[in-house]
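For reference, the structure is listed below as C-alpha cells.
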Amino acid sequence: MKRFASLIALPLMLSVAACSGEADKAAEGPTKGEPIAAIPAPAGKNWTETVTKTDKGYYVMGNPDAPIKLVEYASLTCSHCAEFAEQAFGTIRDKYVASGRVSYEFRNFVREPLDLTASMLTRCGPNESFFALSEQVLANQADIFTKAQAMGQQRFEAALALPDNQRFVALAEGTGLIDFFAQRGVSRDQALQCLTNVETAQALAESTNVATKEDDIQGTPTFYLNGRKIEFTGWPALETEIQAMGAR
C-alpha cells in the first residue's frame with residue numbers, strides 16, 4: 001500500500017511531522033437546537049465504559065444512538081492533539097458522553113512511524129481500554145518523544161529497514177513503548193503479538209489515506225459534529241458548538 005510504504009520511510013521528525021495548527025473551515029455555523037434530556041444507559045452499564053469498534057476500525061465511546069456525534073481525527077504524536085486531550089477529554093467523557101447525549105469517536109490519523117507504532121499498541125487490549133490508552137500516550141507525549149530522540153536517527157532508520165513483522169517491535173523496544181504499555185496493563189506478549197500484525201499497520205495507514213482523500217483531512221486535530229466539519233479554534237468554542245446542538 002502506497003500510504004504504508006511512505007509512512008515507514010519517514011525519518012524521526014517528531015515535533016512537526018504529525019501535527020497542523022491550521023484550523024479547518026466550517027461550511028456553516030452551529031445548528032441551534034432545543035436542550036436534549038439525558039439518556040440513561042442500560043441497567044448495569046455506564047456510557048463512558050461503553051466502547052464499540054466501527055466497521056472502519058475506529059472507536060466510539062458512549063451511546064451508539066446519541067443524537068450528537070463528535071468525531072475527532074487525531075495523531076498520537078501531535079502536540080495540538082495532546083493539548084486538546086489535556087483540556088477536554090475528561091469533560092467530554094464525564095459531562096457529555098456520560099449523559100448519553102453525545103458519542104465521541106476517535107479516528108487515528110497516523111503521520112509517521114512512531115505514531116503508527118503507538119496506535120497499534122492502543123489496540124492491544126479490549127475495546128474498553130482504547131480511549132484510556134490513547135489518552136495516556138497523549139498525556140505522556142513529551143517523555144515518549146525524549147525516549148524516541150534518545151534512540152537516535154541511525155537506530156530508528158535501522159528499525160525501519162527490518163522486515164514488516166519485526167519493524168514495529170524494534171521501534172517499540174527502542175522508544176520504550178513496550179514498557180510504557182506494560183505499566184498500563186498490556187503485557188509484553190500482548191504487545192509483541194500486536195506489533196507483528198502487519199495487517200493492523202496496513203489498515204491504519206490505509207484509513208489515513210482514505211481520510212485524506214474522502215474527508216479532506218490535512219491536519220490534526222480535525223473535528224466533525226453530526227457529519228459537519230467544523231472550524232477548530234480551541235475547546236471552549238467546540239464546547240459551545242456541542243451545547244448549541246442541545247447538550248445543555
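The values are calculated or read from the model by the stated rules, or taken from the named source; none is laboratory data. Note that this is a predicted model, so its numbers are computed, not measured. Quick reminder, even Gly has a Cβ in these numbers, built from the backbone with ideal geometry, and neighbours come from all protein chains shown. Accessible surface is based on the protein model in full, side chains and every heavy atom, while ligands, DNA and RNA are left aside. Shrake-Rupley method; radii C 1.70, N 1.55, O 1.52, S 1.80 Å.
Which residue out of 5, 26, 9, 85 is at negative phi and modelled with pLDDT of 95 or more?
85
In segment 214-226, which residues are modelled with pLDDT under 95 and more than 14 Å from residue 80 (Cβ to Cβ)? Answer for segment 214-226, where residues must be modelled with pLDDT under 95 and more than 14 Å from residue 80 (Cβ to Cβ): 214, 215, 216. Return the residue satisfying two criteria in turn: it lies in segment 67-86 and is open to solvent by 10 Å² or more (accessible area, probe 1.4 Å) and small (Gly, Ala, Ser), and of such residues it is nearest to residue 244 (Cα to Cα). Filtering first and then ranking leaves 85. Pairs are defined by a Cβ separation below 8 Å, a sequence spacing of at least 6 or placement on different chains, a first member in segment 85-100 that is closer than 16 Å to residue 39 by Cβ, and a second member that is open to solvent by 50 Å² or more (accessible area, probe 1.4 Å); the pairs so defined are 98/46; 99/38; 99/39; 100/38; 100/39; 100/40. Only residues that are assigned to a loop (DSSP other than H, G, I, E, B) and open to solvent by 40 Å² or more (accessible area, probe 1.4 Å) were counted in segment 200-226, giving 4. Among the residues of segment 115-128, those that are part of a helix (DSSP H, G or I) and surrounded by 17 or more Cβ atoms within 10 Å (Cβ to Cβ) comprise 115, 116, 117, 118, 119, 120, 121.
Taken over segment 133-157, the criterion of being open to solvent by 60 Å² or more (accessible area, probe 1.4 Å) and of a type in the set (Gly, Ala, Ser) is satisfied by 139, 142, 150.
Of the residues making up segment 175-199, those that are assigned to a helix (DSSP H, G or I), among the β-branched types (Val, Ile, Thr) and within 18 Å of the chain's Cα centre (by Cα) number 0.
Scanning segment 47-66 for residues that are open to solvent by 60 Å² or more (accessible area, probe 1.4 Å) and assigned to a loop (DSSP other than H, G, I, E, B) returns 55, 56, 64, 65.
Residue count for segment 227-247 under the criterion of being touching a Pro at 6+ places or on another chain (Cβ under 8 Å) and loosely packed, with under 15 Cβ neighbours inside 10 Å: the result is 1. Of all the numbered requirements in (1) out of contact with any Ser or Thr (no Cβ under 6 Å at 6 or more places or on another chain); (2) in a helix (DSSP H, G or I); (3) open to solvent by 50 Å² or more (accessible area, probe 1.4 Å), residue 165 misses one, and that requirement is (1).
Inspect segment 172-180 for any residue being aliphatic (A, V, I, L, M) and in contact with an Asp or Glu (Cβ under 8 Å, 6 or more places away or on another chain) and give the result as yes or no. The answer is no; no qualifying residue exists.
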